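Contents: one structure, followed by commentary.
The numbers here are math on the coordinates, done by the rules we state, and not lab data. As the structure is a prediction and not an experimental result, all values here were calculated from the model. Neighbour counts run over all protein chains shown; Cβ positions are idealised from the backbone, glycine included.
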Amino acid sequence: MTKSEQDMTLNALPAAIRQRIDEAISDASVALKLFVAKRLADPAMVASHRVTKAGRIGLKSGQVSELTLIAPLKQGGAERLKKFFALIDQNLQGAGQVGTLHNMRFVFLENETKLLFATAYDGEWDPYIDDFATLIPEMMDYIFGNIEGWPGIHSPDVKAFIERYQIPAAAWFVADPDITVAEADRLRRQDKAVRNFLGNLN
Amino acid sequence: MVFEGIKAWFGVDIEFDKVQAAIVRMRPEPYFGTHALLEIRDARGGREVLRRLAERVTSAADWDKPRPAWTSLAITYPGLVALGVPESSLASFPENFREGMAKRAGALRDGGPNAPANWEQPFGTGRVHLGLSVYAGSEAAWRSEVAAYEERLAEVSGIEVLGRQDFGAQPDSVNAFGYKDGFTQPKVQGSRVSGFPGDGREIKAGEFIFGYPSETGRPLLMPAPDELGRNGTFLVFRKYYSHVAAFNRFIHANAKTEAERELLAAKIVGRWRSGAPLALSPDKDNPAIGEDPSRNNDFTYADDPRGLKTPLSSHIRRMNPRDTKLKALSDVNIRRVIRRSTTYGTHLNKGVLVDDGQPRGLDYLAIGVRAIDTLEFLQSEWINSGNFMGVGQEKDPMIGLQGKDGTFTVPGVPPRYLRGIETFNTLLGGEYFFMPSIPAIRWLGDLKN
């Protein structure tokens, strides 16, 4: 598309959207403006990835929420954690017991004095933390026990503690916002059943 | 000696003479009663009413002996403010209680027809300060208990009765849909309530009454000061209108014969009309099981992981998954509440397909230290989602808020995916209450300033 074609396409979009774009990103290229404007003008696309709050703190798109936490490590905390992660070959598979957990990562920051914990999970913040406390309390306490002031996963103060170090995302995108971990599992089983059924037909 | 033995056995000794009766007393059968909502117009009048009611509100002492009627009292956050409770104390209450149910509509998924803007007066207006409830086992006892509290309210200025709703008086204690209900209650440790088979393991008293060890091993955070918080609890009240004709229409649209209709209706509820659970009687109703409290709740889902008998999405399986292996969110023992729900209006016959416009429905009452958190959890995770049961975004078929494309899955070979399910219970309003101990009612009545 030539620049004048881009200008024409942009001008054909609703004035309210053009105005919002010019106010927010007047310095952007016409191509980017057009890219954003087309999405804003498509109600179905906006609705399917709408970003809401994940309860207490954090963002949520469809059913999937984000949590990012940066907290100071105790003296020697990084060393202990590295030994633990090496022991399990950096594979946190045991956390899969938490049926709302899509992924998580641990990253050391600032000369290994701070820990970054980032995760994507299904649903709301409070039940998610409750689930960790119920299902993998020992792993939680072993890992997060290396953080300065960790009150213990069963402490009544643990949620306030996590909230204090959590940094809510500024923006959030999930490719399939309605596919929870449980849904993915169901679809996989359904797919297997359909394949078996079709296989037996032939 | 004997007493010490009992104390050692239960590990905790509940102060029954201070705790309100409604926490441990089961709904009688048959039952009669009234919920009244009151507004405090000035602190002096409000305090006087509390001093008068303190003699009338029934304690749990001798709870194991039959009693013709009892009265309970609960206070909203605006009620505590109206009574002039000190700021330091007000600030010690949890945020969701202070905000009130209407402001929590987002967390509660109370949108569309259930949104506070559509509620019946006076719910959600901030004017509901006190909730008084009378439960009775006979009409005479009910009338005399109501007369007794009304007498104490009369002659006091500065208080107004905003609304009064009578409930109960149904033959066989069936709900608006024609089902026997109110089965499962948690067993409270130290309450010496023996319960019935199927109630599950004993839950720590601190989950239900402030000041006792909870499931976490220690008491949960209690409102200050101790005189106000100890032996109190929270009470959640939600008034529903039951669209029985819509329910009947859905059943008729999806099943041909009378037997098929009753089976489909049971699949939605999880029980037959008599109360017999599908888990024990999967093919047809069995009133002998339904009426027997030692049998009608004595079951697990161990032999039914896929929900072939009791659908995963059925109402009773969602509300109490028992031993179902959940896809997510597993600690069922911090999700337990004491339920004191009551039915109002007459039930509509199962053959009626057009609503007669009469008021009928359910007053949902749940009691517990975590009752507010639990309600918010249930509304978002177990009622208006199906993810925890592996049924996607399908909602509770009885109390879920259905969208345009609502479904209900009946597992089977092949399964049935029923479309076009409507919202069978819409919310008319509700409030979050604190249910103080009897000494705390006096403490509030004696506030000065």
- Work from the charge dipole of chain A (Cβ charges, +1 for Lys and Arg, -1 for Asp and Glu, about the Cα centre) and give the residue of A:140, A:121, A:73 farthest towards its positive end. A:121
- Within region B:72-89, which residues have the backbone N less than 18 Å from the label spot 7 Å out from residue B:154 along Cα→beta-carbon, could you tell me? none
- Message: Using a 7 Å offset from the Cα along the Cα-to-Cβ direction at both residue B:284 and residue A:5, what is the distance between the two label points in nm, to one decimal?
- Response: 7.3
- Item | Gain in span if fully extended, residue B:41 to residue B:138, counting 0.36 nm per residue against the direct Cα distance | 31.6 nm
- Going fewest to most other Cβ atoms within 10 Å around each Cβ, B:347, B:315 line up as B:347, B:315
- Item | Selection from B:94, B:61, B:82, by position along the positive dipole direction of region B:1-131 (Cβ) | B:82
- Note on the structure: Mean per-residue count of partner chain Cβ within 10 Å for A:129-141 equals 2
- Task: For residue A:32 paired with residue B:346, estimate the spin-label separation in nm (one decimal), with each label point 7 Å from Cα along the Cα-to-Cβ line.
- Result: 7.0
- Cα-based Lys proximity count in region B:207-360, under 29 Å, for pairs eight or more positions apart or on separate chains: 17
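May I ask for the Kirkwood hydrodynamic radius of region B:69-116, worked out over all distinct Cα pairs and given in angstroms to one decimal? Please list the in-between numbers first.
Working: mean 1/r = 0.0797 Å⁻¹.
Kirkwood radius, region B:69-116: 12.5 Å.
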- Item | Which of B:446, B:373, A:89 has the fewest Cβ neighbours within 10 Å, and the rest in rising order | A:89, B:446, B:373
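Taking 45 Å as R0, compute the FRET efficiency from the Cβ-Cβ separation of residue A:12 and residue B:166 and round it to 0.05.
Details: r = 63 Å, r/R0 = 1.40.
It comes to 0.10.
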- Note on the structure: Rounded to the nearest 10, the angle in degrees between the Cα long axis of helix A:181-201 and the longest principal axis of the Cα atoms of chain A comes to 80
- Item | Cα-centre dipole for the protein assembly as shown with unit charges at Cβ (Lys and Arg positive, Asp and Glu negative), debye to 20 | 740
- Task: Taking a cut-off of 21 Å between Cα atoms, list the lysines near residue A:53, but don't count ones fewer than 8 places away on the same chain.
- Result: A:159, B:103, B:395
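Calculated from DSSP H runs of 4 or more alone, at -39500 (n - 2.57) each and per residue, what is the 222 nm mean residue ellipticity of the protein assembly as shown, nearest 500?
Values: 24 runs with 207 residues, N = 651.
Only helices count here, giving -9000 deg cm²/dmol.
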- Note on the structure: Once the in-chain neighbours fewer than 8 apart are removed, the aspartates and glutamates whose Cα is under 15 Å from residue A:82 read A:112
- Query: Dipole of chain B, Cα-centred, from +1 at each Lys and Arg C-beta and -1 at each Asp and Glu C-beta, to the nearest 20 debye?
  - Reply: 680
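Could you work out the Rg to Rh ratio of the protein assembly as shown, with Rh taken as the Kirkwood radius (inverse of the mean 1/r over all Cα pairs)? Kindly include the intermediate steps, with their values, before the conclusion.
Values: Rg = 27.1 Å, Rh = 27.3 Å.
With Rh from the inverse mean 1/r over Cα pairs, Rg/Rh is 0.99.
Translational D (Stokes-Einstein, µm²/s) of region B:253-292 at 25 °C and 0.890 mPa s when Rh comes from the Kirkwood sum over C-alpha pairs? Write out the running numbers ahead of the final one.
Numbers: Rh = 9.9 Å.
Stokes-Einstein gives a translational diffusion coefficient of 247 µm²/s.
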- What are the lysines whose alpha-carbon lies under 21 Å from the alpha-carbon of residue A:3, with same-chain residues fewer than 8 places away excluded? A:33, A:38
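Can you put A:45, A:139 in order of Cβ neighbours within 10 angstrom, beginning with the fewest? Intermediate values should be presented prior to the final figure.
Working: A:45 12, A:139 18.
Ranked by crowding around the Cβ, least crowded first: A:45, A:139.
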- Message: Can you bin every Cα-Cα distance in region B:113-173 into 10 Å intervals starting at zero and give me the percent of pairs per bin, rounded to whole numbers?
- Response: 16, 38, 32, 13, 0
- Taking the Cα centre of chain B as the origin and placing charges on Cβ (Lys, Arg +1; Asp, Glu -1), which of B:252, B:372, B:28 is farthest toward the positive end of the dipole? B:252
